[in-house]
1. Tally Lys/Arg at +1 and Asp/Glu at -1 over every other residue whose Cβ is under 10 Å from the Cβ of A:Ile279; what's the total?
2. Could you work out the local net charge near B:Ile780, counting Lys and Arg as +1, Asp and Glu as -1, over the other residues with Cβ closer than 12 Å to its Cβ?
3. Beyond a 19 Å Cα-Cα separation, which of these cross-linked pairs lie in this structure: A:Lys157/A:Lys183; B:Lys349/B:Lys530; B:Lys349/B:Lys484; B:Lys10/B:Lys72; B:Lys394/B:Lys436; B:Lys175/B:Lys394?
4. Which value, in nm² and rounded to one decimal, describes the direction-averaged projected area of the C-alpha convex hull of region A:54-207?
5. Taking a cut-off of 22 Å, what percent of all Cα-Cα pairs in region B:60-135 are separated by more than that?
6. Would you mind checking which residues have amide H under 5 Å from B:Gln403's amide H? H placed 1.01 Å from N; only 5 or more apart, or other chain.
7. Once both labels are modelled 7 Å past Cα along the beta-carbon direction, what's the B:Asp34-B:Asn203 spacing in nm?
8. Please state the Cα pair-distance histogram of region B:818-861 with 10 angstrom bins from zero: what percent is in each bin?
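Where a number appears in this text, it was derived from the coordinates with a stated rule and is not lab data. Just so we're clear, the structure is a prediction, and the values are computed from it rather than from any experiment. Please note: Cβ atoms are built from the backbone with ideal geometry, for glycine as well, and neighbour counts cover all protein chains shown.
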Amino acid sequence: MEKDKDISPSTFSIRSAPKALVLTGFGLNCDWETTHALELAGAEAHRVHINQLVMGEEIGARARLEDYQIFAFIGGFSWGDDHGAGVIFASKLLYNIGEDILRFIEEGNLVIGICNGFQAMVNVGLLPGFDGDYRSRTVALIGNDCGSFRDQWVHLKVETGSPCVFTRGLEHLELPVRHGEGKFYAEESVIKDLEEKHQVVVRYADSDGNLANGSYPENPNGSMNDIAGVCDSTGRVFGLMPHPEAYNHWTNHPNWTLFKERYRRGGEPYPQEGYGIQIFRNAVDYFK
Amino acid sequence: MVARLEITLKPELFDAEGEAIRRKARDYFNIQLDEVRTIHVLTIDAQLSQEQLESARLQIFTNPVSQISSFKPLAPPFDWAIWIGFRPGVRDNPGSTAVEAMEDLFKIRFQPGESVYTSRLYLLKGKILGRDKRGYRLVERIAKELLANDLIQQWRTYSAEEWNPQEGIGIIVPKVRLAHEPTVSTLPISSDEELQALSQERNLALHPNDVPVIRSYFLRPEVRAARSEVGLSDPTDVELEYISQARSDHCNHNTFQGKFYYRDLGTGETEVVDNIFKTCIQAPTLELKERKGWVVSVLWDNAGVASFDQDTYYVITGETHNSPSNMEAYGGALTGIVGVYRDPMGTGKGSRLIAGTYGYCVGYRDYRGPLKPHLHPRRLLDGVIEGVRDGGNKSGIPTPYGQVFFDHGYMGKCLVFVTALGIMPATVSGTPSEKKTTTAGDLIIMCGGRVGKDGIHGVTASSEIYSEDTPAGHVQIGDPYTQKKMHDFLLEARDRGLIAFITDNGGGGLSSSIGESARFSKGALVELDKVPLKYEGLDLWEIWVSESQERMTVAIKPEDLKRFMQLSEKHEVESTVIGQYTDSGRLHIAYHGETCAYVDLALLESGFPQWEFEAEWVEPEHRGLREPVLSPPDNQRRILLTMLSRPNIASKEWIVRQYDHEVQGTSVVKHLVGAERDVPNDGVVLRPRLESLRGLATAQALNPTYSRIDAYHMTACTIDETVRRLLAVGGSLEHLGGVDNFCWPNIQYDPESNPDGKLKAAQLVRANWALRDYCLGFGIPLLSGKDSMYVDGNLEGDFGERHKVSGLETLQFTGTSVIEDVQRCLTMEAKVPGDFLYVLGVTRNELAGSEYYDLYGYTGLNVPQVKLEEVLPLYQTLEQSTRGEILASVHGIYRGGLGVHLALVAMAGGLGLEVELAKVPAEGVKRDDILLYSESAGRFIVTVAPEDRAEFEEKFKGLPWGCVGMVTENKKLTIRGLEGKVLLNVGLRQLKTAWKKPFGKL
């Protein structure tokens, strides 16, 4: 069960499954469930420590980004989130393997950043990635307006016009947010560009699917224009604050026992999978 | 050179951190500020060029989108400013990560003595803040009572006039400088009195009865002969510190292993209760282990181990961190949760952490009386909440459950319970994971953090605290980041079969971890000069007993060293070989080749006398307790709303939401459930193996007010409540694991300082009798447990006098159960209109210690009692019904009674309930208020779909149940009294408003 996925690749993956690299180490912490979600979606996922990309042979366990098609920047508290969430995470990647990551994107692969991973991606400049510029920092994720870390489920409205590969076919999602620094902030002109170029992918909404319009707690952190996630111009690089990997099973949902009661009385089967998996399945399907 | 970098949000951006402080100043002290803004300060004390500093500023520490920064002061105009930084030697986590980031960016290593110190500057604006004395007093109050704790922090205040815009705060470097050559001293022991005096002087806390044993050991001719061969004569300070640590109540549980002379003053009967640990905890648990194959490893390791499924175990333990949290709430609680996480990491060959839970007992948040605790309960609770939040969240471990209890008694000392759950494969490299041992020749490795003066003898340290650069070591701040790296590293090492033995460094530091692990191999040789230090100047005994956090002691085979160190490097965790296990029979400690300790391990295993206590039990009626003379209230509606807004009943959502309870993706039943996801469920369920449908349920209870009557029934009710909480989510009676955490006031009688010590001792004995009786009765092996005594404080009053305030006798009980298929789990909210509403179990006139009596200021006499023969058949049937999936919701009736818990079921469902009290199964109850607020044990509220009704009632035939009403669509709680008249009819909105009144805005 707790076998090291980087030395013994999953046995139940199919030959054609795309390989996914899930970053670990330095306080990142959503590695097991992100790996699980990717595997449920059909990928062959490996947990890889950041130093396997950075140090390589010195520690006798080199990993190479070029062996993968999906790169997951996962959630956690990298470097304790000191000096700003995802700040040191970003500098570690940028100044050690920045070129490798750019090449990975240019070669047509997929990148997803979740929570701390999303924070790191905007700090590197991988997002919003306007027109192939993956080096400019133009957006920030700053302290929640409520002043504290907050764990709650949110409703997300998916922008169907966005090129995002990961949200294809999705219109509405419920996922948990768990962060202290998730307020999406940028200058008005940048927000305008993002919207005009359809790079806003998911926004906080109410239970009827209407935009939160900044109201708390539907918009849990005060994000500008309710933005919860954005992608680059190609739609292959995607980052969001909510956690799709935490909705990997239908019993993750806060109201599943009520749903169950309805299924049971209606004689319907239980759904098993959580809706968050669809995000990862879209990534896997992209390579089919 | 030293540089000071200031970073702040762009002026046009909302400063949420500053706003939180503005709000607190208003809510706590009624100080109306217009604005608070914060500046983060990094003081970089290292040989870096201007270019390097500038590059660090731009490339790491400044977000160009949201922040501005400068090596010059940034402060815009303000009325007053407050600077707050750490005292020397206090753990500065962001300072360390700043060093790490710069080392990576420049590919350099910071030299010894070089460092980065973080601090904050708060800029206050407000009309109220005059530049006069009054303004200064307000600012001083904000600094001292809101922002800084003088045990770990220093502060400075600046009025606008005083501020020098060129210099700003100047350069403040809180560096530890100890101009001290490490020494080892020999201590004379010519008489017992001399050794006792030495113990006092050096704060060794040796028990007077231990002194002759220790002395006679060092006087034995064969011991002296052996010692002289290694150059030692009288004991050294290292040796006495080691013995003192090993004999401390914390490490040795002398109280629970003590002898109690128990006298019942009513009957005049006397009984000698020898060793409550053995008779009430160990014996029942071993008996149950025989019967229950799922109990894997108990009573010896850092945590208990039980079977989760065929090839996986779960691991659990619970701790308290009361005294440190009472002094420095944030640091104490943070250190507590991070510390308890090391216990499962150090259990067997190591487990992966899967959850943590909390229990806080504190004084009332709105206390306005004359007593002056070190921290006001409101501030203390805020700090404790935040400490556990950062400790849990930054460790990547969900905090899915917890409880809070307010009582005046906890003003003397607060209680902070922290519980940890882990999981491990049943076998590691083909060997049983729960087993471990050290063997002569194994290397002793210390992993994780470095050693400083942390946690060494609180009292000695506090006498040094106010000097300029001595470390404020006795109050600690945990470092979850370093520990998370170590956790990931050690699990990888475990899976590669590299770990022979592992244990954590907690209380007693290396002294405990090596002292205890050396008992397996029967000896150890430790080279103290190899131990990596935070700063120079520690005496040898300090290195040996330091409680610096985030460290594990690991035994590995010499041939595995290279692989182990390579993994350590991969995870950037410091690991150092500091000695070797031997079979010499001795603990041998050397420093640069010179022996400084040489003690027979056998010394600690025999010959020490038991502690002794006098215990006197007086039945509650002979202590003057009576039922109050109280007529039923006229306004039942207002009573219910008042009950809901009492602090011990009211919503505490603000705490739950700050804790990441879903990381690891395992959450099944969350703590907050219902239509609006804001009502606490009975227990929580995790699915720790994501590929499996199997679940682990956990829940906790505490009922300290029942101790006012009898701690026996307090314990019984607390265990019963835990069992019901587990059953309510779908747990099974066959698998109930328990963890007992006792927190008790001092039980050592003293006519002046502890006049009721004998009663408190009797209460402890009685509580343990109940623990034995009910664990056997319910079949709960105690997987782990701890005790923390001395929950007392001496608080200053209005006139400079001091009052002793003792905490209530408290047991927190934690339960676990394994659930075969999580899809059968249940939650407490009413789900579908038209469902039938049932009450299971008997309500009696049992209001003593209840929330209802407390509302009027009464204690009462009729404490709730648990009748095993009555409740067990009911629980068995409930479990069968859960398995059969014929229930829509289950909720236990706990503190506050039926009235409160019906309201919770309705509020959670967002649905109405129509209830007839006449249908509630009861015995000897003829009053509506007693029926509504009695806290009788063994009861549930259940809802059932109409189509399942017949099957349900058939199953429960012969048991105490009543169909008391219906779930309705009308969003009202309507209760008819015993005479059939409508007693109250309240809308859900009103109920919820009342329930969220005290803490809803936090």
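1. +1
2. -1
3. B:Lys349/B:Lys530; B:Lys394/B:Lys436; B:Lys175/B:Lys394
4. Averaged projected area of region A:54-207's Cα convex hull equals 10.2 nm².
5. Value for region B:60-135 (Cα pairs over 22 Å): 45 percent.
6. It is B:Tyr358, B:Gly359, B:Tyr360, by chain and number.
7. 4.7 nm
8. 19, 24, 27, 25, 5
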